[in-house]
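Asks: Here's a structure for you.
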Amino acid sequence: MTPTVSASGLSLRYGGIRALDDVSLRLTRGVTGLLGPNGAGKTTLLRVLATAVPPDRGAFTVLGHDPGTPRGRQEVRRVLGYLPQAPGFHPDFTAFEFVDYVAILKELTDRGARHREVRRVLAEVDLGDVRGRRIKKLSGGMRQRVALAAALVGDPGFLVMDEPTVGLDPEQRMRFRELIAQAGEGRTVLLSTHQTEDVAMLCNRVVVLAGGQVRFEGTPAELTARAAGRVWSSTERDPGALAGWRTGTGSFRNVGDPPPGAELLDPTLEDGYLLTLDDAGAEVAAA
Amino acid sequence: MRGGDVETGRGDEGGRRGRRVRGVSGALVPAVGRTVPWRALGAGAVVGLLLVALPRLLSVEPDPWLSLNLLRAAVLAFALGLAFLLDDPARHLTTPVTTRRWVRTGLRVAWVVPPAALWWTAALALVPEKVRPPVGSVTLEAGATAVFALAAAAMAVRFGNEPESGPTVAAGVLTTAVLAQVLLPDRWSLFVATGDPRWEAAHERWALVLALAALVWGACGPEPVRRGFRFLRRRPTAADPSAA
């Protein structure tokens, strides 16, 4: 599939910290999950791709536009929707007024067409009935949907979402997953998350970032397959395991390098992710 | 049509940037007016007027020195309110939009200038004419202080991470004002009394403060932070994901 977003050699330092180190990736239409531990560089990568901060080195294109120049950056912003981790709001605005404000900032100047677009995105995120309610009176999940509507207004081709399900209760999270999946139809969506469940349920591609470097890029099934033969069951926690915990059945589930004759279990995406991080840590230690 | 212009009138015949900015500005004026932190500005304005009106309220006969310093205190109170002008709770969400930040900043300032001018007129009017300091000179001081506060707010936006840095900026402006009064040597003094032989020279320095503050403010307009300023960037954190 033709990539819609291509990045090559992105590097960025904050003082002495290398937040991104030679990151190259290619995104295609659909939802790509960006997994990584705290401090891995996920938010920094999203901010670079969202043109909020330029990289020190490297380049990228979004839907054929190169943000290396002011004009190119504007072109990228025209096709971009951005949902930050902590979206703030003007609390006295209603949901409609706020999304309308963002629509104006996105240069949708024709009032009638803009209002139709705002109503469309609010309906898309299921807020059509409360669009006249002040944001300060909305629940956390509803506010998050207002932010998603603001990101979706103008029908962007590239949607960047930074941990959008953090702080939502399970029901809200499920609802939000539906919206992300819907947003991913025909768009390129990059979804940063700590939740491997989100990736397993939503994403057709996954990128694992650790220490500012890409440690894995592929499908969720490929990431899961990395743990094949490395998850096993035992009656006691295996001290040689990278991670091990007692399950509801009373037996221990261990992840790592199994001893000979171990009873192997089917791996999950989380197992593959854990082992990828462990391999990355081992590489750093060896270096 | 995804990723391009939807039926919105956006970006018609690329290259008509001026027309587009005017169109966006026209649509933005009322919305930006609602994003102005009127409470902070109003509080600064009210405290300022109360300070200037103190002699009247206390039935005290003001002298020129007291009047001048009360006016300066009033200006400082108003400037502390101005320090909140660029606060934007939705900053993180609206960073990568096509309308540049300077347009929004310009509109906020445009909203505030007329009430600020009215406020200053009222403040001057509260000072009895016989003890009123030279209007041109104190207006220069007021302008420099206001622009200094705005430059500080713009710097906080440009290099900081907080969506609402007003309290920090206000503290910085207040501290700078106090330190300038206490620490500046006589030959650089800004706060001189009416009739002092250094009055003219002091107001040349006020003009310099105004010019420098305006330059800093202008320099803080572009976004994002360029490579040359990367040492000033801060890494995003979970608590503050917008850093950088």
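Asks: Can you give me the orientation-averaged projected area of the convex hull built on the Cα atoms of chain A, in nm²?
Replies: Across all orientations, chain A yields a mean hull projection of 17.4 nm².
Asks: Can I ask one more? Whenever you get a sec, compute what percent of the accessible area on region A:166-242 sits on carbon and sulfur atoms (1.4 Å probe).
Replies: Carbon plus sulfur share of accessible area: 51 percent.
Asks: Here's a follow-up. Write down the Å³ per residue value for the convex hull defined by the alpha carbon atoms of region A:119-167.
Replies: It comes to 74 Å³ per residue, whole-number rounded.
Asks: Please list B:77-86, B:42-51, B:192-201 highest first by mean number of surrounding beta-carbon atoms within 10 Å per residue.
Replies: Peptide ranking by packing, descending: B:77-86, B:42-51, B:192-201.
Asks: Restricted to Cα positions, what overall size does region B:21-224 have along the principal axes? Three whole-Å values, descending.
Replies: Largest to smallest, the principal-axis extents are 54, 35, 28 Å.
Asks: Quick one: divide the alpha-carbon radius of gyration of region B:60-127 by 2.2 N^0.38 Å and tell me what you get.
Replies: Compactness ratio reported: 1.55.
Asks: Give me Rg over Rh for region A:224-286, both radii from the alpha carbons and Rh done the Kirkwood way, two decimal places.
Replies: Using Cα coordinates only, the ratio equals 0.98.
Asks: For the pair residue B:65 and residue B:46, how long in nm is the line joining their label points, each one 7 Å along Cα→Cβ?
Replies: Rounded to a tenth, the inter-label distance reads 3.3 nm.
Asks: Provide the per residue accessible area, probe 1.4 Å, for chain A, rounded to a whole number of square angstrom.
Replies: Each residue of chain A exposes 40 Å² on average to a 1.4 Å probe.
Asks: Sticking with this structure for a sec: Compute the relative contact order of region A:224-286 as a whole-number percentage, counting only Cα pairs closer than 8 Å that sit 6 or more residues apart in sequence.
Replies: Once divided by the residue count of region A:224-286, the mean separation gives 40 percent.
Asks: Normalised by the residues of region B:21-224, what does the relative contact order come to in percent, with Cα pairs under 8 Å and at least six apart?
Replies: Normalised by residue count, the contact order of region B:21-224 is 28 percent.
Asks: Quote the charge dipole size of region B:21-224 about the Cα centre in Debye, to the nearest 20; the model charges only the Cβ of Lys and Arg (+1) and of Asp and Glu (-1).
Replies: Charge dipole, region B:21-224, about its Cα centre: 560 debye, nearest 20.
Asks: Under a plain spin-label model, where a point goes 7 Å from the Cα along Cα-to-Cβ, how far apart in nm are residue B:196 and residue A:113?
Replies: Going by the 7 Å Cα→Cβ label model, 6.0 nm.
Asks: A further question on this structure: What distance in nm lies between label points placed 7 Å from Cα along the C-beta direction at residue A:249 and residue B:135?
Replies: According to this spin-label approximation, the distance is 8.9 nm.
Asks: Still on this structure, please answer the following. Could you tally the net charge around residue A:61, taking each other residue with its Cβ under 13 Å from the Cβ of residue A:61, Lys/Arg +1 and Asp/Glu -1?
Replies: Net local charge, residue A:61 excluded: 0.
Asks: Follow-up question, since we're still on this one. Which one, B:172, B:125, B:184, projects farthest toward the positive side of the charge dipole computed for the protein assembly as shown from Cβ point charges (K/R +1, D/E -1)?
Replies: With unit charges placed on the Cβ atoms, the residue in question is B:125.
Asks: What does the net charge come to around residue B:55 if you take all other residues with beta carbon closer than 15 Å to its beta carbon, with K and R at +1 and D and E at -1?
Replies: Computed value for this residue: +1.
Asks: Hey, if you drop one equal point scatterer on each alpha-carbon of the protein assembly as shown and run the Debye formula without solvent, what base-10 log of I(q)/I(0) do you get at q = 0.13 Å⁻¹?
Replies: -1.21
Asks: Need one number: convex hull volume per residue for region A:86-155, Cα atoms only, in Å³.
Replies: 76 Å³
Asks: Residues with beta-carbon under 15 Å from that of residue B:112, excluding residue B:112: net charge, scoring Lys, Arg +1 and Asp, Glu -1?
Replies: Local net charge: +2.
Asks: Right, next: Rounded to the nearest 20 Debye, what is the dipole magnitude of chain A about its Cα centre when Lys and Arg each give +1 and Asp and Glu each give -1 at the C-beta?
Replies: 1200 debye
Asks: Quick one: with all protein chains in place, what share of the accessible area of region A:48-89 is carbon or sulfur, to the nearest percent (1.4 Å probe)?
Replies: Carbon plus sulfur share of accessible area: 52 percent.
Asks: To one decimal place, what Kirkwood hydrodynamic radius in Å is obtained for region A:10-92 from all pairs of distinct Cα atoms?
Replies: Across region A:10-92, the inverse of the average 1/r is 14.1 Å.
Asks: Let me ask another. Enter the Cα centre distance for the pair region B:180-211 and region B:89-156, rounded to the nearest angstrom.
Replies: Cα centres, region B:180-211 to region B:89-156: 21 Å.
Asks: Using only the alpha carbon atoms of region A:87-225, find the Kirkwood hydrodynamic radius as the inverse mean reciprocal pair distance, in angstroms to one decimal.
Replies: After inverting the mean inverse Cα-Cα distance, the result is 16.0 Å.
Asks: Which of the peptides B:87-94, A:118-125 is most tightly packed, and how do the rest follow, going by the mean number of other Cβ atoms within 10 Å of each residue?
Replies: Those peptides, ordered most packed to least, come out B:87-94, A:118-125.
Asks: Let me ask something else. Return the calculated 222 nm mean residue ellipticity for chain A, to the nearest 500 deg cm²/dmol, obtained by summing -39500 (n - 2.57) across DSSP H runs with n ≥ 4 and dividing by the residue count.
Replies: Only helices count here, giving -10500 deg cm²/dmol.
Asks: What is the interface area between chains A and B, defined as buried accessible area summed over both chains with a 1.4 Å probe, reported in Å² to the nearest 100?
Replies: Chains A and B together bury roughly 4900 Å² of accessible area.
Asks: Distance between Cα centroids, region A:208-248 to region A:130-178: provide it in whole Å.
Replies: Result: 31 Å between the Cα centres.
Asks: For region A:194-209, what does the Karplus curve 6.51 cos²θ - 1.76 cosθ + 1.60, with θ = phi - 60°, yield as ³J(HN,Hα) per residue in whole Hz, taken in order and with x for Gly and Pro?
Replies: Working through the residues one at a time gives 9, 8, 5, 4, 4, 5, 4, 8, 10, 9, 8, 9, 9, 10, 10, 10 Hz.
Asks: Over region A:139-211, what is the mean sequence separation of C-alpha contacts under 8 Å (at least six apart), divided by residue count, expressed as relative contact order in percent?
Replies: 35 percent
Asks: Scale the Cα Rg of region A:58-105 by the rule-of-thumb value 2.2 N^0.38 Å and send over the ratio, two decimals.
Replies: 1.46
Asks: Would you be so kind as to identify which of A:30, A:70, A:218 lies farthest towards the positive end of the dipole of chain A, taking Lys and Arg as +1 and Asp and Glu as -1 on Cβ and the Cα centre as origin?
Replies: A:70
Asks: List the lysines whose alpha-carbon lies under 26 Å from that of residue A:136, not counting same-chain residues fewer than 8 positions away?
Replies: A:106
Asks: Now for a different question. When you look at the Cβ of every residue in A:75-84, what mean number of other chain Cβ atoms sits within 10 Å?
Replies: 5
The values are calculated or read from the model by the stated rules, or taken from the named source; none is laboratory data. Keep in mind that this is a model prediction, so the values were computed, not measured. Note that each Cβ is placed from the backbone with ideal geometry, even for glycine, and that neighbours are counted across all protein chains shown. Surface areas here come from the heavy atoms of the whole protein model, side chains and all, with no ligands, DNA or RNA. Shrake-Rupley method; radii C 1.70, N 1.55, O 1.52, S 1.80 Å.
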